[in-house]
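Colleague: Input: one structure, supplied below.
The values are calculated or read from the model by the stated rules, or taken from the named source; none is laboratory data. Predicted model only: the values in this text are computed from it and were never measured. Note: ideal-geometry Cβ built from the backbone for every residue, glycine included; neighbour counts use all protein chains shown. Heavy atoms of the whole protein, side chains included, go into the accessibility calculation; ligands, DNA and RNA do not. Shrake-Rupley method; radii C 1.70, N 1.55, O 1.52, S 1.80 Å.
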Amino acid sequence: MAVSTFSVSLLFFFLCLGYFAPGCLTQNPTCAPRPPANGAPIFPNDVEKIRFALNLEHLEADFFLFGALGYGLDGVAPELAQGGPPPIGAKKANLDNHTRQIIAEFGYQEVGHLRAIKSTVGGFARPVIDLSAKNFATIFDNAFEKPLSPPFDPYISSVNYLLASYVIPYVGLVAYVGTNPNINGYVSKRLLAGLLAVESGQDAVIRALLYQRADELVPPYKHTVAEFTARLSDLRNRLANCGIKDEGLFVPLQLGAENKTTSNILSANADSVAYARTPAEILRMVYGTGNESKPGGFLPKGGSGRIARGFLKKL
């Protein structure tokens, strides 16, 4: 019996669905988006804007890997460090198994982000990064505008580590949102969109885990998880000096979604659209100095790349 062309096409379709055969993309062009008729894959002006994110991706990669595994990028993909120095003070955290599994996945995701960026637009060596308990203690003291006793240690428990994690991925999220309008190449846009999606997911997971414990006191302090998030968000708003673009797990009703809820699992503006920040704002927060030309905090020697180094020249 003769086999119709339709039958062959239908069989191929189901094989694609069932086995994700490599030939699917070539046999069925709708599986891969066509490049736009006009435009370039990567515009020259895209490159440094995307590379800027490596400062944050390196920070996240080593923080998550060390926290979950006890070793960082040098133990997973040393070539991506490009000879940059190991992070200061990073170590394995005292995590429960559930949290450790999540954080390990985040760490591996950040390795992928570094590879994706560097293989697309090139990059630079890992900068000097301070992930020490002392640095985090300073951040949390600044958030509460007084010294916490004992000093906050991000590595001592799961809840402490999640609160320390609250400090990091959201910064990458708003940085990517801020970069998006200034990217022109279709390959650049695809990369940035993919990075933003995963950073947003990480932030949402961290906020959801903290939200489940929002009313719990963080031992040995007399402050709840929710208060910690509010204080940390307020600190970042102060440092960035560009209004409210960061919110804790609960907000006043007038800042809630459609002014109908004080619950704030996701931080967003009045239209529930993600906030955006500029490179200068990002550096003010990551440095912890409120000044994009004055290094400190997570990047004690300053960020790398033309954009970050350009601000340092203004000293």
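Colleague: Counting just the residues of the stretch 240-296 that are among the β-branched types (Val, Ile, Thr) and within 18 Å of the chain's Cα centre (by Cα), which one comes out surrounded by the fewest Cβ atoms within 10 Å (Cβ to Cβ)?
Modeller: Among them, the one singled out is VAL273.
Colleague: Just need a number here: residues in the stretch 212-233 that are of a type in the set (Phe, Trp, Tyr) and crowded, with 18+ Cβ neighbours inside 10 Å.
Modeller: Final tally of qualifying residues: 1.
Colleague: Then there is this: Working only within the stretch 245-262, note down all residues that are in contact (Cβ under 8 Å) with a residue 24 or more places away in the chain and not acidic (Asp, Glu).
Modeller: LYS245, LEU249, PHE250
Colleague: Being modelled with pLDDT under 95, within 30 Å of MET285 (Cβ to Cβ) and touching a Gly at 6+ places or on another chain (Cβ under 8 Å), is that true of even one residue in the stretch 34-50?
Modeller: Yes, the stretch 34-50 has at least one match.
Colleague: For the stretch 189-198, state whether one or more residues are within 27 Å of LYS146 (Cα to Cα) and not hydroxyl-bearing (Ser, Thr, Tyr).
Modeller: no
Colleague: Taking the stretch 98-153 on its own, how many of its residues are in a helix (DSSP H, G or I), of a type in the set (A, V, I, L, M, F, W, C) and touching a His at 6+ places or on another chain (Cβ under 9 Å)?
Modeller: Going through the stretch 98-153 one residue at a time, the tally reaches 2.
Colleague: Looking only at helices (runs of 4 or more DSSP H) that lie completely in the stretch 202-315, which have at least 2 residues being of a type in the set (D, E, K, R) and within 18 Å of ILE139 (Cα to Cα)?
Modeller: Ranges flagged: 225-240, 279-287.
Colleague: State which residue is farthest from the chain's Cα centre (by Cα) when the search covers only the stretch 94-108 and only residues that are over 22 Å from ASN55 (Cβ atoms) and of a type in the set (A, V, I, L, M, F, W, C).
Modeller: For the stretch 94-108, the residue satisfying everything is LEU95.
Colleague: Do we find that LEU191 is over 16 Å from ASP246 (Cβ atoms), assigned to a helix (DSSP H, G or I), out of contact with any Cys (no Cβ under 7 Å at 6 or more places or on another chain) and open to solvent by 10 Å² or more (accessible area, probe 1.4 Å) in this structure?
Modeller: Yes: the conditions hold for LEU191.
Colleague: For the stretch 183-199, which positions are in contact with a Gly (Cβ under 9 Å, 6 or more places away or on another chain) and among the hydroxyl-bearing types (Ser, Thr, Tyr)?
Modeller: TYR186
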